[in-house]
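Each reported figure results from applying straightforward, stated rules to the coordinates on display, with no laboratory input. Since the structure is predicted, the reported quantities are computational estimates derived from the model, not experimental observations. All Cβ positions, glycine included, derive from the backbone under ideal geometry; neighbour counts span all protein chains shown.
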Amino acid sequence: MDATSSVTKDGEVSEDAKTPVAENKPETSLSDEISKQNKDTEVTESSHTNAVDTNNSSTKIGVSDRKGEAKIKAQYLLLDYKPKIDTEFVAKETQNALKHLNEENSENSSLEPPPKKLRLKGRNKKRPFEKKLQACEKLCGSIIQEKECAYGPKCIFLHDVKAFWESKPEDIGPECHLFTKFGRCPYSFSCRFARHHISESLENMVNKDIYEGVPLSRNSVNHLDKDVQRLLWKRKYDFSKSQKVLEDLNKKSSTNNVLEDGQKADMKKLDADSSSQNIGFVSDEDLIKLRPAEKKKIDFSNKLFLAPLTTVGNLPFRRLCKSYGADITCSEMAVATSLLQGKTEWALLKRHESEDIFGIQLCGAHVDSMTRCAQLIQENCKFDFVDINCGCPIELIYQKGEGCALMGRPSRLEQIVKGMKSVLEVPLTVKMRTGIQDGKNIAHTLIPKLTKVGVDLITIHGRSREQRYTKLADWDYINQCSQISETVPLFGNGDVLSFEDANSFLSNTYAKGIMIARGALIKPWIFTEIKEERHWDISSSERLDLLRQFVRNGFEHWGSDHQGVETTRRFLLEMLSFSHRYIPVGVLERVPQKINERPPYYVGRDDLETLMSSSNCRDWIKISEMLLGPVTENFQFLPKHKANAYK
């Protein structure tokens, strides 16, 4: 680490690091581009640089000491900054509420009480997504794939290559990543970088020195086979293995219910039935006697686990985290019933070749659907473990009895584990919270039951469903749970944003490892920091390279055509909605940054760092345009959190 990024062991930044360093600026061409954008679009008005009260001729500078705020060096702070609401990035109902409030305040302007204010907080629901191109605007896939169209003159897509090429918008860059890396771009004329690999005679060029003649999808697995999808649609997939397990589980359950009700039972007959039918979970008297040597084992201890993250935990982001040191990755949450219906949710299960320890997280409320889904993915996917989601707090999921609701139904959860263990050949893990209601922890009551039925790993997020992120994660309770879970490894999750946090949690608890969620979203290089035990004062240009790497991963996964570029842009914006919370080490008065401390308004050490620190959605779009070209005329993006509409 150079002098500008050195940090002492007690958390103080060294004298060399306290001085803003001019050399930390990005390259000249990039600075010129940012300056031009700032001038043309007044981007600094919505970021922190010039966004101060215009009635105040000077900006007050001082040390931040307000509760809940990170301490920033005085020379970077902006005080008296008064945020305003950017109405373009709020939902329609919020726009109407603002309009009504402004009218009410104008009518009561002469009255003594101060005008009312609308505070934006919470989530934006029913967010709009980019509209796809109409069929008449898209080139037929058969032309792109260089084969004959099966629909002939009835095809609704374009077939006139010359007309499409002449009407095609300008490329967003001079170099196609897919052509450069693989020797051939599978998106041909529809690629947004097509002029790099389309010849003057309108032919898709091939670099024979690189191209290996295999499809781009070779880098990922778990693609749903069309024949399997048809069987699922017609409900003709062979679930006989799961059906046998479910029937035996039901017999066992009904027998237990009879005994619990106090009714008489012929114990000799019951014992005979149990031994002959092999009813139960995987144990000495298992339903299906699996050979232990064939069961895959994973040593989870002391590994860094990237949490399964809905929306933001996509394959390109997981690849990014793997490149920075993540050991274990997991798919986004997939609903079992949707997978059984052969829906597009199968795309969530894709695994990149770099993910050496990869799991699939399933969400469901019923034994039959979870068991059948476990059999389905076991027979059609490649993965190393399956995780049961018992922690999702979303109301829609909870009301269906899925996610966190399973914690309140321990008997059903046990049955789900038994059923899935019987059809899986890989480890089965469970991720849950401390409990459902705030102040009523129940995870410790579930651990002995989960251990008994053969779970291979338990992860506890140190918050309840009701609590969400209003308080710090309860690592003391995680420690209590880890002492109960003696035979099964237990991972803790919550509030890890530095190597000091990770070391503290691991050294003060019996947890075998940590799972990282928001910390990885805020700074994906956290895995490197933990493994190397250092605070990385990453520069703005390095962070831009990180975003550029994510974009390239996106092209490989979603494509480099219009739809692929816009999908990549959308998920890049989702990523920026978290990464803007990162405060550079050289800007902090004291390191490390704590995850519950919000950054005050400050300027960065260069224009790009300032832009990246902006919490306004408009600035995230500017960053996306630097990497993916200008947005379309009717582009819409509503941030997940209402507070990101402030400028």
| query | Zone of GLU212 (label point 7 Å along Cα→Cβ, backbone N under 14 Å): which residues in segment 321-355? | reply | 353-354
| query | Based on the alpha carbon coordinates of segment 304-536, what radius of gyration and maximum Cα-Cα distance (Dmax) apply, in Å? | reply | 16.5, 48
| said: I want to verify the translational diffusion coefficient of segment 135-228 in µm²/s; compute it with Stokes-Einstein, Rh as the Kirkwood radius over Cα pairs, at 10 °C and 1.306 mPa s. | reply: 108
| said: Expected output is a single nm value to one decimal: the length gained when fully extending between GLN563 and THR180, i.e. 0.36 nm times separation in residues minus the C-alpha distance. What is it? | reply: 135.8 nm
| note | Expected unfolding gain across GLN437-PHE635 under the 0.36 nm per residue rule, minus the alpha-carbon gap, is 67.3 nm
| Hey, with R₀ at 30 Å, roughly what FRET efficiency would LYS297 and SER142 work out to, going by the Cβ-Cβ distance, to 0.05? | 0.05
| field | Qualifying GluC sites (Glu not before Pro) in segment 378-473, DSSP loop, other Cβ atoms within 10 Å at most 13 | value | GLU425
| request: Averaging sequence separations of C-alpha pairs under 8 Å and six or more residues apart, then dividing by the length of segment 370-437, give the relative contact order as a whole percent. | output: 46
| Where labels lie 7 Å past Cα in the beta-carbon direction, separation of GLU203 and ASP225 in nm | 3.7
| trypsin sites (Lys or Arg not before Pro) within segment 404-488: DSSP coil, no more than 16 neighbouring Cβ in 10 Å | LYS440, ARG468, LYS471
| query | What's the extension gain from GLN483 to GLU353 if we count 0.36 nm per residue and subtract their Cα-Cα distance? | reply | 43.2 nm
| request: Count neighbours as other Cβ atoms within 10 Å of each site's Cβ, and list the trypsin sites (Lys or Arg not before Pro) in segment 129-231 that are DSSP loop with at most 13 such neighbours. | output: LYS131, LYS132, LYS147, LYS208
| request: Could you work out how far the C-alpha centroid of segment 542-620 sits from that of segment 365-408, in angstrom? | output: 32
